[in-house]
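Okay, so here's the structure we're looking at.
We did not get these values from a lab; they are worked out from the coordinates using the rules stated. The model shown is predicted, which means the values in this text are computed figures rather than measured ones. Cβ sites come from the backbone with ideal geometry, for glycine too, and all protein chains shown count toward neighbours.
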Amino acid sequence: MKFIDLFAGIGGFRFGMESAGNECVAFCEIDKFARASYKAIHNTEGEIELHDITQVTDDQIRSIGHVDAICGGFPCQAFSIAGNRRGFEDTRGTLFFEIARFASILKPKYLFLENVKGLLNHDKGNTFEVILSALDELGYDVEWQVLNSKDFGVPQNRERVFIIGHLRGERGRKIFPLGRNGAAIDCEHPKINKVGNIRKKGKSQSGDVVSVDSLAPTLCSTTTQKDPLKILLAGNLPGSHEQNGRIYDVNGISPTLNTMQGGDRQPKIRVCEVEPNFRIRKLTPRECWRLQGFPDWAFDKAQEVNSNSQLYKQAGNSVTVNVIREIARYL
C-alpha cells in the first residue's frame, strides 16, 4: 500500500508501516529539527515533502495522487466548539481538521491515527464524538483501541488510543481488539516489594526504594485510589521535585516518555546497588529512542544532525514503532 505520513516527527509511523511492506509517498512535519532527523534516517528522495500542514493547499494535496492510507499522530489540540455535533464543520480550526481535509480530497481506504488516551474522555467525550461524526460524514467507519507499548516488546508504559478509519464500501477486515502478537493482553500487575529507604530516618514515603521482578504499570494523572497504578521505583533524589527525582530500576519498565525539555526531567535509573548506597544516572537519548522501538542505526543518523536536547524531545513526541508495526500487519 502507498501511504502519506502526516505530523511525521521522526518517522515512527513510517518505520512500522514500511516494515509491513508499505510505501511512503509523502510526508509532512513542521518542526525543522524533527524533519532533519527524519530525512537523515529515511530515504525520502522523490517524495513530496510538506512542512506547515495548515499552509498546504487543496491543489497540493490533489497532486499527491492515489494513496491507500493516511497515517498521523495528530497533536491533542482542544476543540473550542466541540459538542455542537456539526461533524466535519466542528473540526475547523483544529489540527485534526487537516487530516480530515486530506481524507476528504484523497479518499484513501484507511485512516491510521494515534493520540493520547485522554482524547476519549476530553470534554466529557464530546471531542471524540465530534471526531467520529466528522469521519462518518467523510464516509469512514471507525474502530479504535487503547494500547500500551509495554505489551509490544518495549519496556515503557505508554497508553495511546489508535484509530482506524475504513472507507465505507471498501472496508477490509476488522483490526481491533488487538493484543500482543494478536493474542489477548495480560493486564495483571505484579506486586511491588520495598527494599529500602534513602531518607535519614527511613520513614518518609518519598524516599522509598522498591523493586519488582517484572513489569510495572505507569504513573500518570489518571491514577486513582480505586485502581492504583504502581511503578518500579529505586528511590528518589533528595532536593529534587518529586516526579523529576524518581529513580527507576535498570531491570524494570520505563515511565511514559515525554518531550523532556529541560528541568532535569529525563528518567533516571539505578545502575548498581551496594546497600545502602547506589549510583544514579539519567537515561541517555539513545536509550529513550530504544524505548520507542527505534534501531540504533536510526538514532546514529539522527545524532549526526541534532543535539541531545532535540533527540530527547523527538523520542518523547514519537509513536512507538512496535505498536505501529503490529497494527500495520493487519491492514
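For the residue pairs 39/109; 2/124; 32/150; 2/39; 109/174, the C-alpha atoms sit more than 24 angstrom apart in 39/109; 2/124; 32/150. When each of the peptides 39-45, 101-107 is scored by how many other beta carbons lie within 10 Å of its residues on average, the order from highest to lowest is 101-107, 39-45.
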